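Down below is the structure, laid out as structure tokens.
The values are calculated or read from the model by the stated rules, or taken from the named source; none is laboratory data. Just so we're clear, the structure is a prediction, and the values are computed from it rather than from any experiment. Methodologically, a virtual Cβ is constructed for each residue, glycine included, from the backbone with ideal geometry; neighbour enumeration extends over all protein chains shown.
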Amino acid sequence: MRFFFDRCVPIRIARMVNGFEVEHTIRHHDDHADFSPTTTDLEWMEALSKDDPHWIVLSGDGRILKNKVERSALESSGLTFFCLNRAWLSTKIYEYAWKFMKVWPEILESAQHSKHKLFEVGAGKALKVQPLD
């Protein structure tokens, strides 16, 4: 599987996961040759949806799910989307790192075996991956 971390997820987290992951491709937005810091969400969604196999997106930007145009583009793209909930925003980087690695196996399992395409990843006491659609 191929995982794309958007700019709302710290690049250090994507690089950390990449250091541990041997079976899957991990790429952060800022490390992707086709994207610049000004690439819009709609642009990267369209580009990633054209790749085969599709990328699985990890995002810290819950606004994508609330914006009608972006949500529609996401749903029509066929991309699997994991949205880190708001609790991740206030989590310090070292806590973020261990929590993310703890929930990573559940993200992998959901990406591989669930029929759902939209998920929320909790950061509170219950580190959970829950389907949204």
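Structure above, values below:
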read-out: Enumeration of residues in the range 49-69 that are more than 20 Å from W104 (Cα to Cα), surrounded by 14 or more Cβ atoms within 10 Å (Cβ to Cβ) and either among the aliphatic types (A, V, I, L, M) or in contact with a Phe, Trp or Tyr (Cβ under 7 Å, 6 or more places away or on another chain) (or both); value: I64, L65
read-out: Unique match (being buried (at least 17 other Cβ atoms within 10 Å of the Cβ), touching a helix residue (DSSP H, G or I) at 6+ places or on another chain (Cβ under 9 Å) and over 22 Å from I64 (Cα atoms)) among M1, M16; value: M16
read-out: Single match in E46, E23 (criterion: surrounded by fewer than 18 Cβ atoms within 10 Å (Cβ to Cβ) and not in a helix (DSSP H, G or I)); value: E23
read-out: Selected residue (criterion: farthest from L118 (Cα to Cα)) from residues of the range 67-87 that are touching a Lys or Arg at 6+ places or on another chain (Cβ under 8 Å) and part of a helix (DSSP H, G or I); value: E70
read-out: So I64, is it within 20 Å of R2 (Cβ to Cβ), part of a strand (DSSP E or B) and touching a helix residue (DSSP H, G or I) at 6+ places or on another chain (Cβ under 6 Å); value: no
read-out: Residues of the range 105-127 satisfying the condition of being in a strand (DSSP E or B) and over 14 Å from I56 (Cβ atoms); value: E120
read-out: Selected residue (criterion: nearest to the chain's Cα centre (by Cα)) from residues of the range 88-98 that are surrounded by fewer than 15 Cβ atoms within 10 Å (Cβ to Cβ) and part of a helix (DSSP H, G or I); value: L89
read-out: Hits in the range 88-112 - residues which are within 21 Å of D133 (Cβ to Cβ), touching a residue at least 24 places away in the same chain (Cβ under 8 Å) and either touching a strand residue (DSSP E or B) at 6+ places or on another chain (Cβ under 8 Å) or small (G, A, S) (or both); value: W88, V103, I107, S110, A111
read-out: Condition broken by D52, with the remaining ones in (1) at pLDDT 95 or above; (2) outside any helix (DSSP H, G or I) satisfied; value: (1)
read-out: Restricting the range 26-43 to residues that are of a type in the set (A, V, I, L, M) and modelled with pLDDT of 95 or more, the residue that is surrounded by the most Cβ atoms within 10 Å (Cβ to Cβ); value: I26
